[in-house]
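To keep things clear, I will list the structure first and then write my remarks on it.
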Amino acid sequence: MQSLDGVFRREWGPTVAALARWSGDLSVAEDAVQEACSDAVRAWSRDGLPDNPGAWLVTAARNRARDRLRRESLRPGKELAAVLDDIVARTDRSDVHPVRDDELRMMFTCAHPALDRAAQLALTLRLVSGLTVPEIARALLQSEAAVGQRITRAKNKIRHANIPLRVPDADLLPQRTPHVLSCIYSVFTEGYWSTAGPSAIRDELCDEGVRLAGELCALMTDEREAHALYGLVLLHDSRRHTRVDSTGALVPLDEQNRRRWDRGKITRGLASLRRAEGSTGPYLPQAVIAAVHSTAPDWEQTDWATICLAYDRLLELTDSPVVRVNRALAVGLRDGPEAGLATLDTSAHDPRLARSNLAATVRADLLRRAGRHRDAAEWYRNALERNGSEPGRAFLRRRIAECGG
């Protein structure tokens with residue numbers, strides 16, 4: 001049988017989105033899907049996985065939600081039952097499995113201007129991608145308590161303000177699109193580089209990020225930044241299956257077998273970049289970096305000068321400590337490790353990086369490339385203390401051993 005955890009993660013977003021559309025209440029939808037997953041564990045362990053797990057979960061969650069709405073309503077039971085039965089009858093006449101744009105509808109709902117940006121992102125990652133609060137906290141470099149409170153407040157505000165669960169009118173799309181782009185990229189990134197757990201890659205989140213980016217391009221054909229994001233995730237995703245070996249161990253970019261990269265995705269990614277030409281947002285320079293890597297014949301011929309220019313452009317658009325640290329690594333690969341270390345010193349102590357192991361990992365890598373193996377081992381150990389992914393920890397232990405640690 002397939003891993004039930006993998007099935008639940010893959011089906012979580014579509015099922016919550018479908019139930020939210022059906023019930024009009026995010027809390028009811030989320031609770032019902034959680035209960036349906038519990039029902040599924042018992043039923044599927046006994047009877048085996050159904051042919052369509054998504055449809056099974058939608059039906060079970062809808063029944064759970066209907067029961068809850070009946071219990072909690074102050075209206076006469078028979079009257080409410082008739083209303084709900086009519087809703088169910090209309091739903092049964094359509095496809096039980098969620099329609100394709102349910103998750104985008106949820107993302108645009110969560111991007112409502114009545115919600116602050118931090119709440120928008122946390123709520124979307126929880127409801128659409130099914131990330132847990134600890135996973136969201138790691139992805140956003142925030143505390144679990146803060147993330148949990150934001151999600152709760154956001155759901156309450158949507159309920160009490162009667163914010164509709166729908167894609168807004170066309171003239172309102174542009175103001176919400178940056179949030180949706182950010183959420184899609186966060187979903188993909190958590191799949192491409194899992195922040196915790198036994199696997200370095202979560203295929204269901206990578207697939208969902210690519211799919212949602214493509215859906216957004218289809219919805220907003222003239223949105224250049226959407227095409228930039230689509231190109232970016234396609235170019236990254238072309239390398240997905242070479243990022244781990246047959247044992248699940250991480251394989252760094254300079255050791256990957258480029259002949260196994262997905263050339264079809266690279267071609268589509270580059271085509272999306274051409275459609276994104278003129279974009280003024282942050283995804284185009286990131287996509288340029290991915291394109292340079294995807295088209296370099298080998299590691300030694302990587303155009304680090306162009307990559308550094310793309311990072312410079314990205315820093316003009318966003319004051320991100322993560323970008324600064326990654327740029328320091330690129331400078332080190334362009335001008336030498338000592339130049340990279342000097343650049344890293346200007347940003348490595350940013351308090352926003354306190355919950356991340358990125359700066360320590362980059363410093364260790366530059367020290368290793370400089371031949372300063374004892375110092376590198378110390379910083380790899382520092383990074384190891386902050387890494388929650390078992391493959392990531394195994395990779396850092398390998399580097400420590402290579403440095404004589």
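The charge dipole of the chain, taken about its Cα centre with unit charges on the Cβ atoms of Lys, Arg (+1), Asp and Glu (-1) only, comes to about 460 debye. Annotation: for a label point projected 7 angstrom from Cα along Cα→Cβ of residue 304, residues of segment 337-351 with backbone N closer than 14 Å are 337-344. Protein heavy-atom surface of the chain, 1.4 angstrom probe: 50% of the accessible area is carbon and sulfur, with nucleic acids and ligands not counted.
A crude spin-label estimate for the pair residue 312 and residue 393, with each label 7 Å from Cα along the Cβ direction, gives 4.1 nm. To the nearest whole percent, what portion of all C-alpha pairs in segment 215-287 is separated by more than 18 angstrom? The share of Cα pairs beyond 18 Å in segment 215-287 comes to 44 percent. Given R0 = 51 Å, the distance between the Cβ atoms of residue 257 and residue 175 translates into a calculated FRET efficiency of 0.70.
The mean of 1/r over all pairs of different alpha-carbon atoms in segment 303-404, once inverted, gives a Kirkwood hydrodynamic radius of 13.8 Å.
Of the whole protein surface, residue 112 contributes about 40 Å² of accessible area at a 1.4 Å probe radius.
Ignoring ligands, DNA and RNA, how do 237, 39, 319 rank by accessible area with a 1.4 Å probe, largest first?
In descending accessible area the options line up as 319, 39, 237.
Ranking 354, 227, 251 by Cα position along the charge dipole of the chain, where only Lys, Arg, Asp and Glu carry charges on their C-beta atoms, puts 354 farthest toward the positive end.
Using alpha-carbon pairs under 8 Å, 6+ residues apart, how would you state the relative contact order of the chain in percent? Relative contact order comes out at 12 percent. Taking Cα centre as origin and charging only the Cβ of basic (Lys, Arg, +1) and acidic (Asp, Glu, -1) residues, the dipole magnitude of segment 216-350 rounds to 660 debye. Go ahead and collect, in residue order, the members of segment 218-256 whose backbone nitrogen is under 16 Å from a label point 7 Å along the Cα-Cβ direction of residue 211. Once the point is set 7 Å along Cα→Cβ of residue 211, 218-219, 234 turn out to lie under 16 Å by backbone N, inside segment 218-256. Loop-located GluC sites (Glu not before Pro) in segment 297-405 (DSSP state not H, G, I, E or B) with no more than 14 neighbouring Cβ atoms inside 10 Å: 385.
For the chain, the solvent-accessible area with a 1.4 angstrom probe is 46 square angstrom per residue. Ordered from longest to shortest, the equivalent ellipsoid semi-axes for segment 178-227 are 24, 10, 6 Å, each the square root of 5 times a Cα gyration tensor eigenvalue.
How high is the FRET efficiency between residue 51 and residue 31 when r is their beta carbon distance and R₀ equals 25 Å, given to the nearest 0.05? Taking R0 as 25 Å, the efficiency between residue 51 and residue 31 is 0.45.
Each of 215, 277 has its accessible area taken with a 1.4 Å probe; listed largest first, they run 277, 215.
The base-10 log of I(q)/I(0) for the chain, evaluated at q = 0.06, 0.07, 0.14 Å⁻¹, reads -0.27, -0.36, -1.32 [Debye formula, identical scatterers on Cα atoms, solvent excluded]. Each label was represented as a point 7 Å from its Cα along the Cα-to-Cβ direction; for residue 374 and residue 319 these points are 4.0 nm apart. Of 222, 365, the order by accessible heavy-atom surface (1.4 Å probe, DNA, RNA and ligands excluded), from most exposed downward, is 222, 365. Taking R0 as 22 Å, what FRET efficiency do you get between residue 70 and residue 157 from their Cβ-Cβ distance, rounded to the nearest 0.05? For R0 = 22 Å, the calculated efficiency reads 0.30. Helix 53-72 axis versus longest C-alpha principal axis of the chain: approximately 50°, rounded to the nearest ten.
The values are calculated or read from the model by the stated rules, or taken from the named source; none is laboratory data. Bear in mind the structure is a predicted one, so any value in this text is a computation, not a measurement. Cβ coordinates were reconstructed from backbone atoms using ideal geometry, including for glycine residues, and neighbour counts include every protein chain displayed. Only protein heavy atoms, including side chains, enter the accessible area calculation; ligands, DNA and RNA are left aside. Shrake-Rupley method; radii C 1.70, N 1.55, O 1.52, S 1.80 Å.
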